[in-house]
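The numbers here are math on the coordinates, done by the rules we state, and not lab data. From a predicted model like this one, the values you see are computed outputs, not experimental measurements. Cβ sites come from the backbone with ideal geometry, for glycine too, and all protein chains shown count toward neighbours.
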Amino acid sequence: MNGLLVLPIAIPLVVATLALLFRRSSVMQRWIGVAGMLVLLVSVAILFRDVYVDGIQVLQLGNWQAPFGITLVADLLSMLMLAISAIMGLIIAVYSIYDIDKERERYGYYPLLHILLMGVNGSFLTGDIFNMYVWFEVMLIASFILLALGNSKNQLQGALKYVIINLFSSLLFLFGVAMLYGMTGTLNMADLAMRLPEVENTGLVTTVAMIFMVSFGVKAAIFPLFFWLPASYHTPPVAISAVFGGLLTKVGVYALIRVFTLLFTQDIGYTHTILLWVAGFTMVTGVLGAASHFEFRKILSFHIVSQIGYMIMGLAFNTALGLMGAIFYVLHNILAKSNLFLISGIAQRLTGTFELKQMGGLYKHYPILATLFLISAFALAGFPPLSGFWAKLSLVKAGLSIEAYVITAVAILVGLLTLFSMTKIWMTAFWAAVPEIGVPDHFGKMPLFGAGNLYIMVVPVMVVAGLIILVGFYAQPLLEVCLDAAEQLLNPSVYIEAVLGPQ
Amino acid sequence: MNSLILHTATRLMIGIIVLFSLFLFFRGHDEPGGGFIGGLVGAGAFTLYAIAFGSEATRAILRIDPITLIALGLVSLVISGIIPMFTFEPFLTGKWLFLELGESEFKLSTPLIFDIGVYLCVLGFILAVIFSLEEVK
């Protein structure tokens with residue numbers, strides 16, 4: 001038992017409550033928001049050490065023993081996800097100080113952000129499939145409000161699509177959970193993993209697996225269920241776009257990885273082949289969608305979709321190397337993708353628009369911003385020695401080692417096309433001449449550091465860019481942790497034993 | 001709403017309804033009742049008052065802002081979860097305290113604190129919704 005396991009859920013709850021109590025003072029809200037994220041990061045770091053040194057940590061909430069109570073389980077995959085979400089949480093909280101207006105602060109931006117984090121952390125930690133549904137709901141309700149906060153017309157349009165499709169996917173999730181419970185009489189994931197192979201009606205198990213694939217697939221935005229994402233993610237303020245683009249879809253990916261390594265491994269030939277096809281189509285459609293758009297955040301939104309394909313591909317390989325690549329890819333992608341969103345926000349502050357065609361001259365006037373963009377964009381496209389290169393390299397290696405040549409070729413091709421979209425942004429927004437009309441007066445005069453306080457937005461971006469470079473140059477230790485995590489996933493008996501005791 | 005019957009009835013009813021909500025609340029745990037249903041009935045009392053006298057007057061008798069009520073509710077939820085952690089038991093473990101006072105026995109517990117939190121959250125949430133619907137321009 002490890003009592004600290006509840007902290008990544010309890011801290012955001014306490015912080016959200018405090019922020020709610022001090023909701024009249026925006027100064028207090030900001031301090032509470034940032035300090036809360038810092039405390040969360042520290043607690044996750046302590047837990048990470050525990051899991052890394054002593055193996056999987058378990059907490060039976062309320063002292064109700066598994067499989068009857070709700071169990072919190074932290075294995076290496078959970079910890080890696082928790083760590084990256086805590087880091088991004090801190091980055092976003094700092095960035096929000098400048099990006100989020102007073103009106104949104106007054107309507108509870110900071111409490112909602114922490115509740116969202118609580119939902120995300122809960123989904124990473126829970127060892128109970130119904131409890132996971134509950135955390136998904138917590139996360140979704142907070143994200144609905146964050147998306148609609150501000151009430152502008154296109155925000156409501158985007159939020160409506162997001163709400164309807166996500167409620168539908170939650171409903172499917174609930175159906176799947178009900179069917180699992182009907183078949184096995186348990187909801188504890190470790191217990192399920194033991195009982196599912198004993199179910200006689202294997203066809204039904206595969207059906208439930210497909211229900212889960214569709215439900216989590218909607219949340220992770222895989223082909224052909226991704227269309228809601230580019231329709232909604234470009235509407236809210238940038239800080240919110242970055243949280244959504246960085247974290248929320250990855251929760252779907254995490255759930256897919258969890259259930260398709262722990263629960264549904266009976267008919268791999270069927271389920272994982274479908275996953276592989278889906279991965280290929282997701283990569284290609286996402287990157288083609290990005291190529292056809294000229295709005296900064298829409299391009300990034302389509303790229304989220306295409307990158308999800310890589311992670312699903314690693315999962316579909318179902319080998320240690322493939323899973324390692326997928327996990328590493330998730331970590332790298334959260335850094336690179338959120339950072340690009342954050343940069344788009346700074347570019348919008350400077351040029352007054354997200355439309356690439358109305359931008360220009362950013363390289364000439366803001367070389368530091370251009371460098372930061374270049375680092376993140378190259379990382380996303382997979383340039384050595386940045387983080388994306390190692391992520392793609394390990395996936396390609398995994399693909400070649402099991403002789404999946406076609407999908408590997410697709411993955412490499414999509415990497416090239418990613419570079420094409422990033423070059424498009426670079427050529428128009430950064431390199432092109434300053435457009436004649438429509439440029440705000442402060443363009444070129446507003447410094448990144450100093451007057452105007454723009455540094456509050458720039459410093460977080462620099463930190464993330466630094467992390468990308470760090471991961472790129474010191475990839476080996478992180479890759480080893482990812483490999484350990486992958487081996488834990490492929491050997492569920494460790495997980496089961498940690499939760500239910502020796503069998 | 002400007003109706004003498006409603007005004008008079010509301011003044012009489014509100015106390016009874018609040019008492020009934022507290023009765024439901026304390027009846028909970030072993031019998032049907034508890035924080036959620038108690039909170040709903042309590043919110044019903046203040047909603048009735050808001051219909052009769054307007055949200056301004058209801059805020060005045062409530063004294064605490066509904067959103068603060070939600071926050072206080074969350075605080076007690078957290079407290080009930082943290083108490084068992086001081087004796088190195090998992091978060092949310094139920095701790096009980098039995099008090100003998102003369103003939104009768106009182107039971108105090110962390111689930112009671114949890115239920116107070118639920119009561120406050122439900123009350124605060126419903127009133128926040130009702131007030132913002134009433135005060136919309």
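Would you mind calculating the gained length between A:Lys364 and A:Glu487 on full extension (0.36 nm times residue separation, minus the Cα-Cα distance), in nm to one decimal?
39.5 nm
Report, in whole Å, the centroid distance computed from the Cα atoms of the range A:30-71 and the range A:206-239.
Centre-to-centre (Cα) distance: 27 Å.
Could you state the per residue volume, in Å³, of the convex hull enclosing the Cα atoms of the range A:247-338?
In the range A:247-338, the Cα hull volume divided by residue count equals 76 Å³.
Would you kindly derive the ³J(HN,Hα) couplings of the range A:156-173 from the backbone phi angles with the Karplus curve 6.51 cos²θ - 1.76 cosθ + 1.60 (θ = phi - 60°), listing them in order in whole Hz, with x for Gly and Pro?
Couplings: 5, 4, x, 5, 4, 4, 4, 5, 5, 5, 6, 5, 4, 5, 4, 4, 4, 4 Hz.
Number of Lys pairs in chain A with C-alpha atoms less than 18 angstrom apart, excluding same-chain neighbours closer than eight positions?
Taking the Cα cut-off of 18 Å, the pair count is 17.
Based only on the alpha carbon positions, what is the Kirkwood hydrodynamic radius of the range A:267-490, in angstrom? Walk me through the numbers before you get to the answer.
Working: mean 1/r = 0.0554 Å⁻¹.
About 18.1 Å, per the Kirkwood formula over Cα pairs.
Could you give the spread of the C-alpha atoms of the range A:219-277 along their three principal axes, from largest to smallest, in whole angstroms?
The Cα atoms of the range A:219-277 stretch 44, 21, 11 Å along the principal axes, largest first.
222 nm [θ] for the protein assembly as shown, helices only, -39500 (n - 2.57) per DSSP H run of 4+, per residue, to 500? Before the final figure, lay out each step's value.
Values: 27 runs with 463 residues, N = 640.
Per the formula, -24500 deg cm²/dmol.
In what sequence do A:Lys397, A:Lys219, A:Lys102 fall when counting other Cβ within 10 Å, fewest first?
Numbers: A:Lys397 14, A:Lys219 28, A:Lys102 9.
If I rank by nearby Cβ atoms, fewest first, I get A:Lys102, A:Lys397, A:Lys219.
Need the C-alpha centroid separation for the range A:121-189 versus the range A:431-503, integer Å.
25
Once you treat every alpha carbon in the protein assembly as shown as an equal point and sum by Debye, what is log10 I(q)/I(0) at q = 0.05, 0.09 Å⁻¹?
Summing over Cα pairs of the protein assembly as shown leads to -0.24, -0.77.
What are the principal axis extents of the Cα atoms in the range A:1-125, in Å, biggest first?
45, 26, 17 Å, listed from the longest principal axis down.
Which length gain, in nm to one decimal place, applies between B:Glu134 and B:Lys95 when the Cα-Cα distance is subtracted from 0.36 nm times their residue separation? Before the final figure, lay out the partial values.
On the way: separation 39, 0.36 × 39 = 14.04 nm, distance 4.15 nm.
Extra length available between B:Glu134 and B:Lys95 comes to 9.9 nm.
If you plug each phi of the range A:89-100 into the Karplus form 6.51 cos²θ - 1.76 cosθ + 1.60 with θ = phi - 60°, what whole-Hz ³J(HN,Hα) values come out, in order, with x for Gly and Pro?
x, 5, 4, 5, 4, 5, 4, 5, 3, 8, 7, 8
Just to be sure I understand the curve: with the Debye formula and one point per C-alpha of the range B:4-134, what is log10 I(q)/I(0) at q = 0.12, 0.15, 0.18 Å⁻¹?
-0.54, -0.77, -0.98
How would A:Val471, A:Val464, A:Val284 line up from fewest to most surrounding beta-carbon atoms within 10 angstrom?
Sorted ascending by nearby Cβ count, the order is A:Val284, A:Val471, A:Val464.
How do B:Ser21, A:Ser143 line up, fewest other C-beta atoms within 10 Å first?
Fewest-to-most Cβ neighbours within 10 Å comes out as B:Ser21, A:Ser143.
Evaluate the Debye formula for the range B:77-137 with equal point scatterers sitting on the alpha carbons, no solvent, and hand back log10 of I(q)/I(0) at q = 0.13, 0.23, 0.27 Å⁻¹, in q order, two decimals.
The Cα Debye sum returns log10 ratios of -0.52, -0.89, -1.01.
Would you mind checking which residues have amide H under 5 Å from A:Asp128's amide H? H placed 1.01 Å from N; only 5 or more apart, or other chain.
A:Thr71, A:Met189
Any chance you could list the semi-axes, whole Å, largest first, of the equivalent ellipsoid that the Cα gyration tensor gives for the range B:1-61, using √(5λ)?
Working from the Cα gyration tensor, I get semi-axes of 26, 11, 7 Å.
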